[in-house]
Amino acid sequence: MTIFRFSHFSFLISHFSFFMKLPSSEERAKIAAKIAADNRGQNVVILDLRDVTSNFDFFVIITGSSRRQLHAISEEIDKVYEKELGDRRLGISGYDESRWIVLDYGDVVVHIFDADSREYYALEELWARAKVL
């Protein structure tokens, strides 16, 4: 028979992020953009899609110069969102291929491209009605 000991204090500390109020989607988009810039991401753009679609609020679009850089940017954004903001990623796509990594946080979606893929998919043109912050 196993006896489990439970500390209410440790429970509150470990689940504190559940009760934290997340920054607004705009603030979180700006945080992702700053993290990308701090990690030498290039051509960082924030698209405000709130007047265009109800599916999400912001796209953060970033170009990286190498597979390693795309990974570093995506991992750093994910780490800050989870550990400092209390936000959890809903999905990730393209990490293994490392040509276009998508981090889905619901109302904020981060797109990290290599240069060729960003030019080919041209999200800024596709979402041209969006405001650029």
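The values are calculated or read from the model by the stated rules, or taken from the named source; none is laboratory data. Here the structure is a predicted model, which is why all the values come from computation and not from measurement. We place every Cβ from the backbone using ideal geometry, glycine too, and count neighbours over all the protein chains shown.
Note on region 39-71: residues that are surrounded by 17 or more Cβ atoms within 10 Å (Cβ to Cβ) and over 19 Å from E119 (Cα atoms) total 6.
Filter region 64-80 down to residues that are in a helix (DSSP H, G or I) and either hydrophobic (A, V, I, L, M, F, W, C) or in contact with a Leu (Cβ under 9 Å, 6 or more places away or on another chain) (or both) and give me whichever is farthest from K21 (Cα to Cα). Looking at residues that are in a helix (DSSP H, G or I) and either hydrophobic (A, V, I, L, M, F, W, C) or in contact with a Leu (Cβ under 9 Å, 6 or more places away or on another chain) (or both), I get L70. Every test in (1) loosely packed, with under 15 Cβ neighbours inside 10 Å; (2) touching a Lys or Arg at 6+ places or on another chain (Cβ under 9 Å) is passed by E125 save one, and that test is (2). Among the conditions (1) surrounded by 15 or more Cβ atoms within 10 Å (Cβ to Cβ); (2) assigned to a helix (DSSP H, G or I); (3) at pLDDT below 95, K83 misses just one, which is (1). Could you tell me whether S93 is without any contact (Cβ under 8 Å) to a residue 12 or more places away in the chain and of a type in the set (S, T, N, Q)? Yes; evaluated as a whole, the condition is true for this residue. Look at region 21-44: where a residue is farther than 18 Å from G86 by Cα and a partner is of a type in the set (V, I, T) and surrounded by fewer than 21 Cβ atoms within 10 Å (Cβ to Cβ), sitting 6+ places away or on another chain with Cβ atoms under 9 Å, you get A36/V44; A37/V44.
If you go through region 38-58 and pick out every residue that is touching a Gly at 6+ places or on another chain (Cβ under 9 Å) and part of a strand (DSSP E or B), you end up with 1.
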